[in-house]
There are 2 protein chains.
Amino acid sequence: MGTAVTNSATTKQKLIRARTASTRLAQLSTEQKNTLLLAIANAVEANEASILTANREDIQNSELEGAMRDRLLLTPDRIKDMARGVREVAALPDPIGETLAEWTKSNGLKIRKVRVPLGVVGIIYESRPNVTVDTAVLALKTGNAIVLRGGKEAARSNQRLVEIMSAVPGVPDGSIELLDSSTRDTVQELIKSRGLVDVIIPRGGVGLITFVTENSAVPVIETGAGNCHIYVDAKADFDMADAIVINAKAQRPSVCNAAEKLLVHEAVAAKYIPRIAKKLTDAGVELHGDAKARAIAGSSIALASEQEWYEEYLRLCIAIAVVSDVDQAIAHINSYSTKHSDSIITSDEANARKFLREVDSAAVYWNASTRFTDGAEFGFGAEMGISTQKLHCRGPFALAELTSSKYEIIGTGQIRA
Amino acid sequence: MGTAVTNSATTKQKLIRARTASTRLAQLSTEQKNTLLLAIANAVEANEASILTANREDIQNSELEGAMRDRLLLTPDRIKDMARGVREVAALPDPIGETLAEWTKSNGLKIRKVRVPLGVVGIIYESRPNVTVDTAVLALKTGNAIVLRGGKEAARSNQRLVEIMSAVPGVPDGSIELLDSSTRDTVQELIKSRGLVDVIIPRGGVGLITFVTENSAVPVIETGAGNCHIYVDAKADFDMADAIVINAKAQRPSVCNAAEKLLVHEAVAAKYIPRIAKKLTDAGVELHGDAKARAIAGSSIALASEQEWYEEYLRLCIAIAVVSDVDQAIAHINSYSTKHSDSIITSDEANARKFLREVDSAAVYWNASTRFTDGAEFGFGAEMGISTQKLHCRGPFALAELTSSKYEIIGTGQIRA
């Protein structure tokens, strides 16, 4: 069985449908939304065969190999994981309708700040089809309509998943709209649709995120780019530092909270760098570094270019620099990082407190791996991404961050003097 | 005494200075910041003569007349008001450093979400020089650096005010930067300075706001446009409705929370429209309306164009439409409004609750004037503006909305499994 990848509606028509759906979704009760979510989980499982068929066609049509092919691939287990994820979101508390603040003014006006949906959420993402279900369900749970612009490699998988979710009885028409992925025009149309879409969330590489951020007329939440640092201070426990550096770099190098840079205090550099260099090399990690690190560890470390200090490797490679103290470590991080996650390893509380306070990143750690910056690890349940901007939300963002607020004011005829 | 309006630093240099200042401002204590604010208030008062001289030069150089000239004009009383405003901000609580949430995970990680400054705030505004002081002081109070791009008419006044504030001992160099207002290039440079500036707030007419929103690579908070509605329901108290309509339209027609449109339930239209039309006309208000309103009140009402239903008059003019019920009133508002402030006048609680819930605006009123949408009226003290977007903040925004948050995580060597 083949799945068609055409849809005759224009982007504008789809966005208008989503806008209309958003007003209906905003009025659904928590129970109604959870019922829809559980029905979606069941429908995803019940349609496993046709999802796998569509995915097989995507795999055959793509020229992806290795890790990229694996990101696109769906299996019966991955489909079960998707459905399980949907049920987990259904079980989370509903933030919509929550009273955020409430007070009465001396003139008798009663003011209530209440949590409401954002409206229409746009997602621009790359090849992983599970994002289609994960994000649609987070949007529905919070009473938002969602417009998805996935990668062209996953076109058939995404279309099948959207068809299955949209066909669940009770899901308002237009709640989940999928844009044509065969042309970049749909990205342009989406990011220029001010007034129809309330927020765009780009999920993918730094190129995609930069393009969307710099060109969108719709507000954006920047996600994901993570040039994360571990700073080993003069009073670090080396065993703890080893475990954290290896975990943060090598446990899953392709993710945004993996460490990309290692800074070492000059007082311990001669002792610590050779030791960690050996352990990193044993773990298959390629070593780059500054002149001071190379002077200590020699030719096992390649000289890092200035540009590299700004970049994510997203692979088994780390750059090592020697710094004179915690202040220089903080200054280095604030100059080069993407403001995602950075950690200090030390037993010196004053230095740790300074680092926590002065490093300008979404998540700042003392004696722990940067790999914990994650919605589930923080206890938020499923997440939409990790925000590296300062507006609206910062760090792991999940249900509460997919909402806005409004003021309801009740009077008895008050006018302004 | 003349004041120079040149400043040899480029926009980029000013933005880098502001970025540097922001890291120092972020570390100031509440007491340090309040001391600076009180010194700024004193300095503004002590320098009244040179401020008035600079302002007189601006007035002489501008060709502004009437209300526009009045917006630019400074007087001894207005300077005292500015200083009083600064002292009021000093007296407000400092949101920075507040613990927003705190919890310990089962693996022992202690997570704290703490309120931090945004960093560098950019303001693009038009002729009123008091905005220069008001916004700079709100930024300093919240540990942010500010970059100001005011109107060219106020160039000398703004420069003198920035010089006075910047010269206060203890204000970090670069905390308050003023961009050249003689060229539009500085607006372009500011809105493209992603990475140096954290948020841009445009304050002014709809043209300015639309230009900035559609072209900025830096996150924007949209402010101010207010196409506000009063809906007189079938069960409205006419005396209450009269007072609210006249107040919302005529008390101060040039502001964003003034009413621009009046919707009347068809069951009471024949009785209410002639009555309110007379009172509005007596208050000097020009009447526009739809065909049904004109059929009732005749030629005293000019036919409103389709475009007018989307627009703010910002003057003594109102458009009146007849609607069939509360649902049509809500649909009309959600189609045409700028999502600012809208009010229902009724004694029917079910209709009122529906209106409060379903009107998608920052502030929704039941039996009160829309004129209350204001930071001071809400009890927030001084405000930066009224946000009409859904991201980050919505409605009146003041100190708390000039902040972001970060996570501080303390461990004992935790790594991710």
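See the values below:
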{"item": "Selection count, region A:399-408, where residues are over 19 Å from the mean Cα position of the chain (by Cα) and farther than 15 Å from B:GLU349 by Cβ", "result": "3"}
{"item": "Total residues in region B:334-350, condition over 17 Å from B:LEU262 (Cα atoms) and part of a helix (DSSP H, G or I)", "result": "2"}
{"item": "Flag for A:ILE345 being within 30 Å of A:ALA295 (Cα to Cα), away from chain B (no Cβ under 11 Å) and touching a Gly at 6+ places or on another chain (Cβ under 9 Å)", "result": "no"}
{"item": "Single match in A:ILE200, A:ILE246, A:ILE209 (criterion: assigned by TED's automatic domain parsing to the domain that holds A:ALA145 and either at pLDDT 95 or above or at positive phi (or both))", "result": "A:ILE200"}
{"item": "Count - residues of region A:374-395 that are aliphatic (A, V, I, L, M) and either facing another protein chain (nearest Cβ under 9 Å) or crowded, with 22+ Cβ neighbours inside 10 Å (or both)", "result": "3"}
{"item": "Residues within region B:152-171 that are part of a helix (DSSP H, G or I) and of a type in the set (Val, Ile, Thr), tallied", "result": "2"}
{"item": "Residue list for region A:105-127, restricted to those being outside any strand (DSSP E or B), within 12 Å of chain B (Cβ to nearest Cβ) and buried (at least 20 other Cβ atoms within 10 Å of the Cβ)", "result": "A:LEU109, A:LEU118, A:GLY119"}
{"item": "Hits in region B:250-278 - residues which are within 14 Å of another protein chain (Cβ to nearest Cβ), out of contact with any Gly (no Cβ under 8 Å at 6 or more places or on another chain) and at pLDDT 95 or above", "result": "B:ALA259"}
{"item": "One residue from A:VAL187, A:VAL168 being in contact (Cβ under 8 Å) with a residue 12 or more places away in the chain, buried (at least 20 other Cβ atoms within 10 Å of the Cβ) and under 30 Å from A:GLU45 (Cβ atoms)", "result": "A:VAL168"}
{"item": "Listing of helices (runs of 4 or more DSSP H) fully contained in region B:200-301 that carry 3 or more residues being within 17 Å of the chain's Cα centre (by Cα)", "result": "B:206-215"}
{"item": "Count of residues meeting criterion [touching a residue at least 60 places away in the same chain (Cβ under 8 Å) and closer than 19 Å to B:PRO169 by Cβ] in region B:35-54", "result": "9"}
{"item": "Looking only at region B:396-405, and only at residues there that are in a strand (DSSP E or B) and touching a helix residue (DSSP H, G or I) at 6+ places or on another chain (Cβ under 8 Å), the one that is farthest from the other protein chains (Cβ to nearest Cβ)", "result": "B:PHE397"}
{"item": "Any hit, region A:354-373, residues being within 29 Å of A:LYS113 (Cβ to Cβ) and more than 11 Å from chain B (Cβ to nearest Cβ)", "result": "no"}
{"item": "2 or more residues within 13 Å of B:SER157 (Cα to Cα): qualifying helices (runs of 4 or more DSSP H) within region B:1-85", "result": "B:48-61, B:66-72"}
{"item": "Single residue of B:ARG357, B:ARG371 found to be among the basic types (Lys, Arg), touching a residue at least 12 places away in the same chain (Cβ under 8 Å) and under 18 Å from A:ILE111 (Cβ atoms)", "result": "B:ARG371"}
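Yes/no matrix, rows are residues, columns are (1) among the aliphatic types (A, V, I, L, M); (2) in contact with a helix residue (DSSP H, G or I) (Cβ under 6 Å, 6 or more places away or on another chain); (3) more than 13 Å from every other protein chain (Cβ to nearest Cβ); (4) free of Cβ contacts under 8 Å to residues at least 24 places away in the same chain:
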position: A:ARG203; (1), (2), (3), (4): no, no, yes, no
position: A:ILE209; (1), (2), (3), (4): yes, no, no, yes
position: A:THR213; (1), (2), (3), (4): no, no, no, yes
position: A:ALA225; (1), (2), (3), (4): yes, yes, no, no
position: A:ALA248; (1), (2), (3), (4): yes, yes, no, no
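The values are calculated or read from the model by the stated rules, or taken from the named source; none is laboratory data. Since this is a predicted model, take the numbers as computed values, not measurements. Methodologically, a virtual Cβ is constructed for each residue, glycine included, from the backbone with ideal geometry; neighbour enumeration extends over all protein chains shown.
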